[in-house]
Structure formats: structure tokens, C-alpha cells
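To start, the structure itself, in C-alpha cells.
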Amino acid sequence: KLYKMKLLPLEEHYKFHEFHSPALEDADFDNKPMVLLVGQYSTGKTTFIRYLLEQDFPGMRIGPEPTTDSFIAVMQGDVEGIVPGNALVVDPKKPFRKLNAFGNAFLNRFVCAQLPNPVLESISVIDTPGILSGEKQRISRGYDFAAVLEWFAERVDRIILLFDAHKLDISDEFSEVIKALKNHEDKMRVVLNKADQIETQQLMRVYGALMWSLGKIVNTPEVIRVYIGSFWSHPLLIPDNRKLFEAEEQDLFRDIQSLPRNAALRKLNDLIKRARLAKVHAYIISSLKKEMPSMFGKDNKKKELVNNLGEIYARIEREHQISPGDFPNLRKMQDQLQAQDFSKFQPLKSKLLETVEDMLANDIAQLMVLVRQEESQRPTQMVKGGAFEGTLHGPFGHGYGEGAGEGIDDAEWVVARDKPMYDEIFYTLSPVDGKITGANAKKEMVRSKLPNTVLGKIWKLADIDKDGMLDDEEFALANHLIKVKLEGHELPNELPSHLLPPSKRKITE
């Protein structure tokens, strides 16, 4: 409602849609979070989707040669099937209507694969054609590939760039694509795929080379997060890094699973970005209109204004205290202005700008509060099904049987193995009535050199009867938890039942 009442009139008045991006529709606000996969051919994009869904999807082709030649939007549907591009862009329920601007050459290469799948109930995934190296393919696509990707980048929640550990060269077209995704770095994640096919030493070199290449193209001071792994269901060729791959996969899955929860905020964030750009655009267009002569010499003046656009930017920046990061790309704007008739531009209409200012200052702030309230009242939204549930239960969950989970399936208490050793220390700490005081326990525990915050947490977990003292079993448990932490594992927030000392199990029951 805010967009239609307050921002859209400003966009229409100053031809924002001709310069930047088409008007937003209801479907843009209603649709599920989308994940866009981008990468050179044969980096495993389609296989990655298949891995997440744990089933084939209509129109899927996988092979070492460039196989996916279309944009495929993989979405939830009651029956399996394919909807071709021209039908897709007239469907008001789908957020793709504005793609018709890219013409038939693109629409013939755009389909929607629909299938019933639990993963797709909360996200949609967009598979893109493999990016090719060389000049020929770039010319023969017939549509502006980078512009289409930029259109998607504005509307998706996550952009995943896939790289193959064997071919890290970033082709010209890929480099152009990454530059087209500028301003969306916050949505970008990188996956170094097929990492099980190279030795650990080589993998470190490949990872370093990838970071170096990305650093030259993605101009952000922060390092982009890179996930290393092999996202397919084949046996690992070199299983040495299995634990690393499992941990990385869990991190990536957590990142994707959080998308539905943050979808409303992401849409709000994109709306704010759009409003700021629309405001600057209005200032630019009205400045150009003001400079135009009313009668003669329009063409010469237009050329002069386009050439001096940088100075106009600087003036607007000073006059209205706008940060330079809010301005559109100078060269791109100059190219677009060449084709425009300046005499049809509108002068500055301060009422429209004040409405947008008011929206940014007041309405959006209220919306933020509402979004937060609504999220706290709803059950946590997570992506479920497919690969996301493959390791949730049973012994193949991440970290099962190691760290605090060690001995989870054993009949005897796992701490008992080392208890004789811990007992020897216990009896040197002068126990009274079979218990040692907190002060005596502290002297021994600080020898681990762990910080007090960690030792405090261990104390909380080990002092089961909460009497401020430790008996021999609780002391052995505290030492076991210190060992878990020193081996690099995380401590649990609550003591798992298999770590409860046998004599204390009745108390807690």
C-alpha cells in the first residue's frame, strides 16, 4: 500500500521505470524467498538444486558440457510440469510479469518447473544458464544476459555463485555478471564445489586463488563468505576433509533456512533502497529539465548536459546532502539519457518528494516494529524437507557421537572411562563429606587456561544438585566437559541425558 500510494507516483512522474527497474507488483511482495544460482557451465548448479530437493525436477539436464541453456525457476506446484516463458509472464500470481521487457529471445529460454516438494513450500530456486567463456557465446545469446541477472538479483533473497575447484578462471562474461550484481553483495554467497576431488594441500591453494580472484572483482572491504564442499550425492573421492565439508554444508544450510524468517525484512530493505534511488533520480531529472532552453539549441544543450552529468551529481549531492553511494552509475545513466527527450522531463515537484521522505522517516519505522511483532507471534519459519532434513535425526547428524555427544549410545556412563584419573585429583583437593568447595574446584579448573566465562558455564552444567559444591561424579563430569572444550567442540546449553552421572539420574527424573 505504501509503495502504491507514496513511492509509485514519484517513480511514474520522473520515468524511473525507463531508467532503473520496472514497477513492483503484488506478486513481488507476496512471493516466497528466491535463491538464484549463478556460475560458469559445469560447476554443478543443476546438481546442487537436485541435491537440495533430493529429487529430479522437470526440464532438468545434467552433464559435463553446457547443458542448461535456459533460466529455470523451480517452484512449488501440485502436479509436476513445465510452464513456458510466454505463459509465465502473463500469470499475475508469479513475480515474473515484468520480464516480458526482455523480449522473445529471452522468453523462449525461460521456463518454470513446478513440482510438489517440501523444500519448495518455503523457497523457490532459479537455475541459470552456465556462463561461457569466449566471445561467440556472449554475442549469440540474443538477449542481455547480465541485465536479466540484474533483474533477478534485485528480487531474490540469496545469490549463490558456484565455482568448480578445477577451473577457477573467471571468464569475461562471468566478470561482467558479477559486476552487474553490484549493490547486492549483501545477498551473495560463494560455494567452492567439487572440493572432494582434490587433496587438502591443493584445496588450500585453490581456496586462496579463489579469494584472490574474487577480491579483484567484488569491490567490498569485507570478504565474501565462501562455503567449501561437494554438493551431490556421490561418494567422496578424497574423504580426508569430510568433517570440514559437513561443517560447511551445515553453515550453508542454516543460511538458506533462515531466508523465510527474514523475507519480510529483506523486502522492506529493498523497498528502502529503491525509494532512495527514486529520490535521487527525481533530483537528477528535474535538474536536467531546469537547464534546458525553452526554444532553440536543445540538442547542443542536451549533449553538454550529458557530458557534464558528473558535475550535476556533485551539485545535487551538496544541495540535498545525499551520500554519493545513492547515485546511479554515471556511465550507464549517460548512455540511457542519450535516447531520452529532455523536453518531456518534469520539473521538481516537492510534494511528491516530501511524501517519499515522510514514508522513509515515519511509515517504514512503524512497519519495522510491525514486522518484528508479527515474527515474534508466528512459529519460526524454516526451510524443511529434502537435504535439509537428511542429517537432522539419527547418528548422521552433524557432530553426533563427538564432543558433548560422545558416548550417547553407550550403556555405561562415558565419563567413567577417565574417572579413576579424575578421582586421584579429587582426593588431593581435601573433600569434606565427599564434596569439594567451589574455591578448591576453581583452583584445579583454572589450570585448563580456559576463560572464566567458559569455566562458569562448565560449572553450571556440572553442579547438578546446585549446592555450590562438587562430589566426585560432578567433578569428573566438569573435567570431561573441560576436555570436550579443549578438543575444540562446543559445549551444550543443557546437559544431555547421557552425561548425567548414574547416581543423579533419579534426582532429575
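The values are calculated or read from the model by the stated rules, or taken from the named source; none is laboratory data. This structure is a prediction, so every number in the text was calculated from the model and none was measured. Every residue, glycine among them, receives a Cβ derived from its backbone with ideal geometry; neighbour counts consider all protein chains shown. Keep in mind that these areas ignore ligands, DNA and RNA; they rest on the heavy atoms of the full protein, side chains included. Shrake-Rupley method; radii C 1.70, N 1.55, O 1.52, S 1.80 Å.
Below is a table of values for the structure above.
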{"read-out": "Accessible surface of the chain [probe 1.4 Å, protein heavy atoms]: carbon and sulfur percent", "value": "52"}
{"read-out": "The range 429-469: C-alpha gyration tensor shape, a/c 1.5 cut-off, then a/b vs b/c", "value": "oblate"}
{"read-out": "Positive-end residue, the chain charge dipole about Cα centroid, Cβ charges, pick of 445, 20, 122", "value": "20"}
{"read-out": "Linear extension gain, residue 12 paired with residue 370, 0.36 nm per residue minus alpha-carbon span", "value": "126.1 nm"}
{"read-out": "Sites residue 446 and residue 291 - FRET efficiency at Förster radius 56 Å, r taken between beta-carbons, to 0.05", "value": "0.15"}
{"read-out": "Net charge contributed by nearby residues that have their C-beta within less than 9 Å of residue 419 (K/R +1, D/E -1)", "value": "-3"}
{"read-out": "Two-site FRET efficiency, residue 217 against residue 433, from Cβ-Cβ distance with R₀ of 56 Å, rounded to 0.05", "value": "0.25"}
{"read-out": "Whether the range 186-235 is rounded, prolate or oblate, judged on the alpha carbon gyration tensor where a/c under 1.5 counts as rounded", "value": "oblate"}
{"read-out": "Estimated dipole of the chain in Debye, rounded to 20 [Cβ of Lys and Arg +1, of Asp and Glu -1, Cα centre]", "value": "2180"}
{"read-out": "Simple Cβ-charge dipole of the range 410-499, Lys/Arg +1 and Asp/Glu -1, about Cα centre, in debye nearest 20", "value": "540"}
{"read-out": "Convex hull of the range 223-367 built on C-alpha atoms - directionally averaged projected area, nm²", "value": "14.0"}
{"read-out": "Fraction of the pair-distance distribution of the range 71-173 above 24 Å, Cα-Cα pairs, percent", "value": "29"}
{"read-out": "Equivalent ellipsoid semi-axes - Cα gyration tensor, the range 1-133, angstrom", "value": "29, 18, 13"}
{"read-out": "Pairwise Cα inverse-distance average, inverted: Kirkwood Rh of the range 34-258 (Å)", "value": "18.0"}
{"read-out": "Full-extension gain in nm, residue 23 to residue 378, via 0.36 nm per residue minus C-alpha separation", "value": "124.8 nm"}
{"read-out": "Residues of the chain: accessible area per residue with a 1.4 Å probe, Å²", "value": "51"}
{"read-out": "P(r), alpha carbons of the chain - 10 Å bins starting at zero, rounded %", "value": "3, 15, 21, 20, 16, 12, 7, 4, 1, 0, 0"}
{"read-out": "Helix-only mean residue ellipticity at 222 nm for the chain, each DSSP H run of n ≥ 4 adding -39500 (n - 2.57), per residue, nearest 500", "value": "-13500 deg cm²/dmol"}
{"read-out": "Solvent-free Debye scattering, log10 I(q)/I(0), computed from the Cα coordinates of the range 147-289 at q = 0.10, 0.12, 0.19, 0.21 Å⁻¹", "value": "-0.44, -0.60, -1.22, -1.36"}
{"read-out": "Cα-projected label distance for residue 326 with residue 362, points at 7 Å along beta-carbon direction, nm", "value": "1.9"}
{"read-out": "Residue pairs, from the table 1/32; 302/344; 94/279; 384/483; 179/344; 182/349, whose Cα atoms sit over 23 Å apart", "value": "94/279; 384/483; 179/344; 182/349"}
{"read-out": "Computed over the range 410-499, Cα set: Rg, Dmax in Å", "value": "12.2, 35"}
{"read-out": "DSSP-defined antiparallel bridges as percent of all bridges, the chain, nearest 5", "value": "30"}
